[in-house]
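The values are calculated or read from the model by the stated rules, or taken from the named source; none is laboratory data. Because the structure is predicted, anything quoted here is derived from the model rather than measured. Neighbour counts run over all protein chains shown; Cβ positions are idealised from the backbone, glycine included.
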């Protein structure tokens with residue numbers, strides 16, 4: 001399973017502009033971008049919204065329903081194309097459950113529970129992505145700090161080597177000591 005948010009995050013920070021300090025991104029911005037670009041979060045959000053609509057559908061059973069049907073029937077004489085009878089039947093029905101023994105309330109409660117479950121999954125996916133982005137952010141910053149430390153160490157040793165070359169030129173130290181330091 002490829003997580004595109006983490007891939008984009010890693011590729012963004014692996015660019016040379018990050019190491020030079022030109023582009024600095026806030027963790028909250030990266031988390032927001034990771035969440036909005038995650039397909040699993042989007043899928044969980046759509047599932048949660050669908051369950052919320054199921055609540056509305058379950059609540060609609062509290063209202064009466066109006067049904068209308070229309071039917072046309074035509075009878076022909078045997079062997080003739082003449083019609084003998086045309087029947088048109090129209091029906092309008094108004095239905096309302098007066099006593100349903102708690103079925104509507106049970107359906108509404110069930111829909112509420114399913115929405116709560118779907119919403120929990122959505123929030124869990126958001127937290128998962130936020131955790132992954134945060135972990136990657138901290139790893140990248142740690143690696144950046146290590147690179148800065150290494151650069152400082154190299155600069156320090158380069159300066160010491162330069163100073164030691166002056167000692168060799170002035171005769172205070174030998175060439176063999178310089179070779180040891182260079183190694």
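Only one of the numbered conditions (1) surrounded by 11 or more Cβ atoms within 10 Å (Cβ to Cβ); (2) within 54 Å of the chain's Cα centre (by Cα); (3) part of a helix (DSSP H, G or I) is not met by residue 168, and that is (2). Do we find that residue 159 is out of contact with any strand residue (DSSP E or B) (no Cβ under 8 Å at 6 or more places or on another chain) and part of a helix (DSSP H, G or I) in this structure? Yes, satisfied. Evaluate the following for residue 43: is it buried (at least 16 other Cβ atoms within 10 Å of the Cβ), at pLDDT 90 or above and in a helix (DSSP H, G or I)? Answer is no for this residue.
For residue 62, the stated conditions hold: it is under 29 Å from residue 122 (Cβ atoms), touching a residue at least 12 places away in the same chain (Cβ under 8 Å) and within 43 Å of the chain's Cα centre (by Cα). Of the candidates 80, 37, 61, 48, the single residue that is touching a helix residue (DSSP H, G or I) at 6+ places or on another chain (Cβ under 8 Å) and at pLDDT below 90 is 61.
Does residue 177 satisfy the condition of being under 28 Å from residue 54 (Cβ atoms), surrounded by 11 or more Cβ atoms within 10 Å (Cβ to Cβ) and modelled with pLDDT under 80? Working first, answer last.
On the way: under 28 Å from residue 54 (Cβ atoms): no; surrounded by 11 or more Cβ atoms within 10 Å (Cβ to Cβ): yes; modelled with pLDDT under 80: yes.
Against the criterion (under 28 Å from residue 54 (Cβ atoms), surrounded by 11 or more Cβ atoms within 10 Å (Cβ to Cβ) and modelled with pLDDT under 80), residue 177 does not qualify.
Residue 124 is checked against (1) farther than 30 Å from residue 37 by Cβ; (2) out of contact with any helix residue (DSSP H, G or I) (no Cβ under 7 Å at 6 or more places or on another chain) and fails just one. What number does that condition carry? With (1) farther than 30 Å from residue 37 by Cβ; (2) out of contact with any helix residue (DSSP H, G or I) (no Cβ under 7 Å at 6 or more places or on another chain) applied to residue 124, the lone miss is (1). Can we say residue 153 is under 55 Å from the mean Cα position of the chain (by Cα), part of a helix (DSSP H, G or I) and touching a residue at least 24 places away in the same chain (Cβ under 8 Å)? Considered against the rule, which asks whether it is under 55 Å from the mean Cα position of the chain (by Cα), part of a helix (DSSP H, G or I) and touching a residue at least 24 places away in the same chain (Cβ under 8 Å), residue 153 comes out as no.
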